[in-house]
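The values are calculated or read from the model by the stated rules, or taken from the named source; none is laboratory data. Because the structure is predicted, anything quoted here is derived from the model rather than measured. So basically every Cβ, Gly included, is an ideal-geometry build from the backbone, and we count neighbours across all protein chains shown.
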Amino acid sequence: MLRTTTLQSVVALALLWPMQAAFAAPLATEPALEAATQGRSSYDGVVEAVRHTVIAAQVPGAVVELAVKVGDQVKAGQLLMRIDARTADQSAAAVDAQVQAARAQLDVATRDYERQKQLFAKKYISQAALDRAEAEVRATRAQANAQAAQAGAARTQTGLHVVRAPYAGIVAEVPVALGDMAMPGRPLLTMYDPALLRVTASVPQSALSGQAAGAATPEGVRVELPGQVGAHATPTRVQVLPTVDPATHTVQVRAELPVSAGVRPGMFARLWLPGAASAGEGARITVPLRAIVRRAEMTGLYVLAADGKPQLRQVRLGRAEGERVEVLSGVAAGENVVTEPQAAASAR
């Protein structure tokens with residue numbers, strides 16, 4: 001009796017299966033669209049710091065103090081490092097002593113000149129003797145001024161052993177360590193201002209045939225920072241350099257960025273300029289971003305075949321904009337793309 005009931009259940013399920021398949025919900029699809037470039041062309045660029053400084057040593061000496069490290073944010077005038085200044089301090093002390101000696105000699109010469117003037121008024125000495133006393137005062141005064149100037153130079157030399165930040169910024173590199181020997185011209189650290197960043201891109205001169213060199217209006221210019229929050233930004237200022245690279249026949253275009261967190265020099269960026277599309281670019285094929293399937297090293301999507309069954313195709317992707325992504329190869333315009341990859345995998 002039990003075996004008869006089980007056989008009847010199997011037969012009933014076999015009869016109901018075609019009906020369930022017939023009433024199964026169809027796969028959600030969207031056609032691959034042919035998107036125009038909207039009168040824009042894009043060029044690869046890089047983020048640069050407008051204010052980027054390599055601080056080098058001006059005097060020799062050992063590094064005796066490092067007050068910052070890579071990544072520190074510093075203020076203008078903040079102490080960065082110290083170089084051994086004992087020799088410079090001793091030289092400055094010696095020059096200060098010479099200044100005091102010169103001033104003492106000037107004081108003696110001045111008093112002697114005053115006495116010579118009194119004697120000349122009483123006709124006790126000649127005009128020549130008075131002139132010699134006056135010349136002695138002038139020579140002594142000049143010597144004292146020279147010693148004072150030398151003392152100022154020595155104090156300036158001593159101040160060069162203390163390295164301070166020229167402006168507020170971020171320390172990008174510190175190529176020296178505590179105890180290293182600093183020599184004139186040797187880089188001590190590198191810093192940049194995070195509030196002044198720009199994107200620099202090389203643009204073919206043919207694309208800028210109607211654009212004069214100099215500052216340009218940022219209208220229609222857009223900067224894209226892939227992988228960043230708020231990846232699209234409008235530059236505050238655009239500059240076209242007046243020179244052309246003779247090897248590549250390109251012109252550098254600089255777009256200054258508004259202040260944005262997370263943007264650092266050296267990052268990849270894309271500069272969008274108004275005008276005709278780049279040579280050979282043409283129309284672009286875009287599909288919904290949620291339709292993309294990634295399995296290990298394979299990137300693909302499901303496309304409905306002529307018989308209505310989903311087929312997995314490998315594709316090569318381009319840039320993403322919002323909810324859609326560009327497909328460089330693998331899909332033609334108008335083909336229906338399954339937007340629910342999991343459902344397509346179950347229906348195969």
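Annotation note: of Ala88, Ala149, Ala165, the sole residue that is over 24 Å from Leu189 (Cβ atoms) and of a type in the set (Gly, Ala, Ser) is Ala149. Checked against (1) in contact with a helix residue (DSSP H, G or I) (Cβ under 8 Å, 6 or more places away or on another chain); (2) of a type in the set (D, E, K, R); (3) at pLDDT 90 or above, Glu256 meets all criteria but (1). What are the residues in region 330-348 that are surrounded by 12 or more Cβ atoms within 10 Å (Cβ to Cβ) and without any contact (Cβ under 8 Å) to a residue 60 or more places away in the chain, if any? Correct list: Gly330, Pro341, Ala345.
Here is a yes/no grid of residues against (1) touching a residue at least 12 places away in the same chain (Cβ under 8 Å); (2) assigned to a helix (DSSP H, G or I); (3) assigned by TED's automatic domain parsing to the domain that holds Pro187; (4) charged (D, E, K, R):
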| residue | (1), (2), (3), (4) |
| --- | --- |
| Gln100 | no, yes, no, no |
| Gln118 | no, yes, no, no |
| Tyr124 | no, no, no, no |
| Leu130 | yes, yes, no, no |
| Glu134 | yes, yes, no, yes |
| Arg138 | no, yes, no, yes |
| Arg141 | yes, yes, no, yes |
| Asn145 | no, yes, no, no |
| Gly152 | no, yes, no, no |
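Suppose we keep only residues that are of a type in the set (Val, Ile, Thr) and closer than 14 Å to Tyr43 by Cα within region 215-239. Which one would you say is modelled with the highest pLDDT?
Taking region 215-239 first, the residues of a type in the set (Val, Ile, Thr) are 217, 221, 223, 229, 234, 236, 238.
Imposing the further condition that a residue be closer than 14 Å to Tyr43 by Cα reduces the set to 221, 223.
Numbers: Val221: 84, Val223: 87.
Taking the candidates together, the pick is Val223.
Any chance region 187-201 includes a residue that's acidic (Asp, Glu), in contact with a Phe, Trp or Tyr (Cβ under 8 Å, 6 or more places away or on another chain) and either at pLDDT 90 or above or closer than 30 Å to Arg82 by Cα (or both)? Yes - at least one qualifying residue is present in region 187-201.
For the criterion of being surrounded by 14 or more Cβ atoms within 10 Å (Cβ to Cβ) and touching a Pro at 6+ places or on another chain (Cβ under 8 Å), Ala172 passes.
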